[in-house]
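Novice: One structure is given below, represented as structure tokens, and several questions about it will come after.
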Amino acid sequence: MDGVDKEKVQRIVYDMSKGSKYFENEERKEAFMRQKIDNMRAQCAKLTPTAISQYQKVADRRILELETKRDLSRIWLHVDMDAFYAAVETLSNPSLKGKPMAVGGMSMISTANYEARRFGVRAAMPGFIARKLCPELIFVPVDFKKYTYYSDLTRKVFQKYDPNFMAASLDEAYLDITDVCKERSMTSGEIAKELRTTVFEETGLTCSAGVGSNRLLAKVCSDINKPNGQFVLPNDRMAVMTFISSLPIRKIGGIGKVTEHILRDVLGINTCEDMLQKGGLLCALFSRSTADFFLSVGLGLGQTEIPQVRSRKSISNERTFSSTEDEASFYQKLADLAEMLSVDMQKEGLSGRTLTLKLKTTTFEVRTRAVTLQNYICSSEDILKYASKLLKAELPVSLRLIGLRLSQFNADKVVAPADPTQKTLTNFLISGDASRESMVDSSSMSSIVNDHHFMNDTETGFSMGSHEACSYGGRDLLDSSHFPDLEDNNCAIGNNDGEMQKFHEPLNGENGNKVNTPERKSCQNALSELKADSSSVPFAFRSLDEENKKANLPDDDTVSSSNQGELLLWVNDYKCSLCGIELPPCFVEERQEHFDFHLAERLQKEESRCDTRMLRHRLFPEDNIASQRKRKKQRASPKDKGHIPIDLFFVKSSQNF
Ligand code: DCP
Ligand code: MG
């Protein structure tokens, strides 16, 4: 903010925070950033002039390709409420008007009104520092229900201008106003003004708006005349390029402190236009998608289409509060979050099967714990049930933030909980795809944020697809310290040698004994034995192909070798080695169910192999005789009665378990 004595603020922040956990965390972040910068410098130093000029050619080609995608046909409006929580609090307590105030407490504040900001007080700052900066600062506790209520009122207004508006957080939304401008023969500026006036009339709150040809630009524009102002960037290429030419890169959503430093200190990129000049370096040093994002920024390109609901990867919300160890308050917050998440999911007609709990401890350690369920869920009861289970495993703990995210949505927007005992495996196979998709997502996130995950320090976040300025929220594209869950995922899918070793370890039972799969015994016996072990960690599932082998039974020619010897282990005591879904150890029943599905899948495969064999025997009786002879010779145990039909398996499994 203009007029803030930045040096004084920095000094006070430093003096006040020195030695505190906040300070330690800030130092950790600084060290992380310095390391990233050093790494990037080292990589940069390795580039020869020839390589750079070749990369520049690549960049130039890419710039031309990206330019062809420029779409100036839509008019996007980004609306952002002013000092939202603080403004809502002032509305309910007018005596706060004109006085510096912050929402939050001594450990952390969520936002501050503009009077307080003049002293350097800002969101995500510990309250004790804010008080030092502004001794008269009034603190008001967070009242989330109030903000949701007012957010709903604003959304009712947005809906009148764009029924498909995209909410980016409680106080932020993107509206495609192309049609409303045409229908009412009004300019985008007039619509923006009218919308802001209506919001004020309906809520008593002010907001700021930005208009541009895409969402990235609209968001940047909404910040220009904040608070209670608006800025319109015409849908004209020249206007866009002029606007972007001097725009500091930090103004772009997704470019935070870390990315800014890397681009500025290592590559000398200060403005968005510099991205184009240094395109060669960007293409040389970053993944294609990240380089594309930077080049698009240089061209002032952004999303213009409404992302399909299906392309949304997750919906999440989180809440920051003063550090506490009070378990009852954790559960209360979890219940509120579950309720909000459920409302958001149902608004979108979605249900999801991976629930992630995010916790930030008093020492700023961020933990994420996820569970992938057999069923798709969206009700607050279900969300709360599983979230509580995840939380329980973390107790006791002292926390300052709790978040919940649902991802791996059902493909077709139908809330159809799978019946775990259903006979067809379609559901499971679909889910399997979904989990693979998620693994791909998370690995691709290392180069560019694709999944929305949790909005940083904001309450509610909606996923809006990749390269979406708004989807970054307050986060930094290259700052992977914001994505501990991403790092976890990478470990779990094998980027970490240790984990891969675990993956290939011989089958060990809980007590370290080898799990000796029985010689060819009836499937039911094998199942019981494996099941007995299924709650232990890690437990293993040896494929029936492998059992066949051990017992010297003939392999069917059609058996794919890749199926042989597959193990079901809980990698890192957490992820299924067969499909990657996440089930922490406390989810004993769900693990069992999951085990059943893999076993059922295997049995189903076996069944179909049997069918193929029988069909072949019917078509080629001579082969049949020959193979029978071969089989007789090879059969080790007379006990083998073939495979249990899939129906029988489920009857038996439901009887036994
Ligand atoms: N918020 C939070 N923690 C943060 C940032 C924001 O809890 N680190 C909450 C409080 C804010 C609300 O989200 O009121 C909206 O965030 P904005 O970034 O839009 O900030 P404000 O609306 O408060 O201020 P403004 O938009 O006027 O800059
Ligand atoms: Mg705001």
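The values are calculated or read from the model by the stated rules, or taken from the named source; none is laboratory data. Since we're looking at a predicted model, the values are computed, not measured. When we count neighbours, we look across all protein chains shown, and the Cβ atoms used for this are built from the backbone with ideal geometry, even at glycine. Each accessible area value is taken on the protein alone, full model and side chains, heavy atoms only, with ligands, DNA and RNA left out. Shrake-Rupley method; radii C 1.70, N 1.55, O 1.52, S 1.80 Å.
Novice: If we scan the stretch 177-186, do we find a residue that is under 25 Å from LEU91 (Cα atoms), open to solvent by 20 Å² or more (accessible area, probe 1.4 Å) and not hydrophobic (A, V, I, L, M, F, W, C)?
Specialist: no
Novice: Considering only the stretch 308-322, I want to know if a residue exists there that is of a type outside the set (S, T, N, Q), in a strand (DSSP E or B), open to solvent by 20 Å² or more (accessible area, probe 1.4 Å) and more than 16 Å from ligand 1 (Cβ to nearest atom).
Specialist: no
Novice: Further question: Take the residues in the stretch 67-86 that are touching a residue at least 60 places away in the same chain (Cβ under 8 Å) and over 30 Å from GLY229 (Cβ atoms); name whichever of them is nearest to ligand 1 (Cβ to nearest atom).
Specialist: LYS69
Novice: When you check GLY98 against the structure, is it of a type outside the set (A, V, I, L, M, F, W, C), more than 16 Å from ligand 1 (Cβ to nearest atom) and on the phi > 0 side of the Ramachandran plot, yes or no?
Specialist: Yes.
Novice: Can I ask one more? Spot the failing condition for LEU64; the list is (1) in contact with a strand residue (DSSP E or B) (Cβ under 7 Å, 6 or more places away or on another chain); (2) more than 13 Å from ligand 1 (Cβ to nearest atom), and only one is missed.
Specialist: In the conditions (1) in contact with a strand residue (DSSP E or B) (Cβ under 7 Å, 6 or more places away or on another chain); (2) more than 13 Å from ligand 1 (Cβ to nearest atom), LEU64 misses (1) alone.
Novice: Same structure again: I need the full set of residues from the stretch 145-164 which are within 25 Å of the chain's Cα centre (by Cα), within 16 Å of ligand 1 (Cβ to nearest atom) and open to solvent by 10 Å² or more (accessible area, probe 1.4 Å), in order please.
Specialist: Initial filter on the stretch 145-164 (within 25 Å of the chain's Cα centre (by Cα)): 145, 147-148, 151-152, 155, 164.
Of the ones still in play, those that are also within 16 Å of ligand 1 (Cβ to nearest atom) are 145, 147-148, 151-152, 155.
Matches in the stretch 145-164: LYS145, THR148, ASP152, ARG155.
Yes/no matrix, rows are residues, columns are (1) charged (D, E, K, R); (2) at pLDDT below 95:
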position	(1), (2)
VAL4	no, yes
SER20	no, yes
ALA31	no, yes
ASP38	yes, yes
LEU64	no, no
ARG70	yes, no
ILE75	no, no
ASN93	no, no
THR111	no, no
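Novice: Counting just the residues of the stretch 128-141 that are touching a residue at least 60 places away in the same chain (Cβ under 8 Å) and open to solvent by less than 50 Å² (accessible area, probe 1.4 Å), which one comes out nearest to VAL13 (Cα to Cα)?
Specialist: ILE129
Novice: Going through the stretch 261-283 one residue at a time, which ones are of a type outside the set (Lys, Arg) and within 17 Å of GLY300 (Cα to Cα)?
Specialist: ILE269, ASN270, THR271, CYS272, GLU273, ASP274, MET275, LEU276, GLN277, GLY279, LEU282
Novice: Identify, from the list GLY268, GLY302, GLY254, the residue that is under 20 Å from TRP76 (Cβ atoms), open to solvent by 10 Å² or more (accessible area, probe 1.4 Å) and assigned to a loop (DSSP other than H, G, I, E, B).
Specialist: Every option except GLY302 fails the conditions.
Novice: Check VAL240, VAL199, VAL211 and return the single one that is of a type in the set (Val, Ile, Thr) and within 16 Å of ligand 2 (Cβ to nearest atom).
Specialist: VAL199
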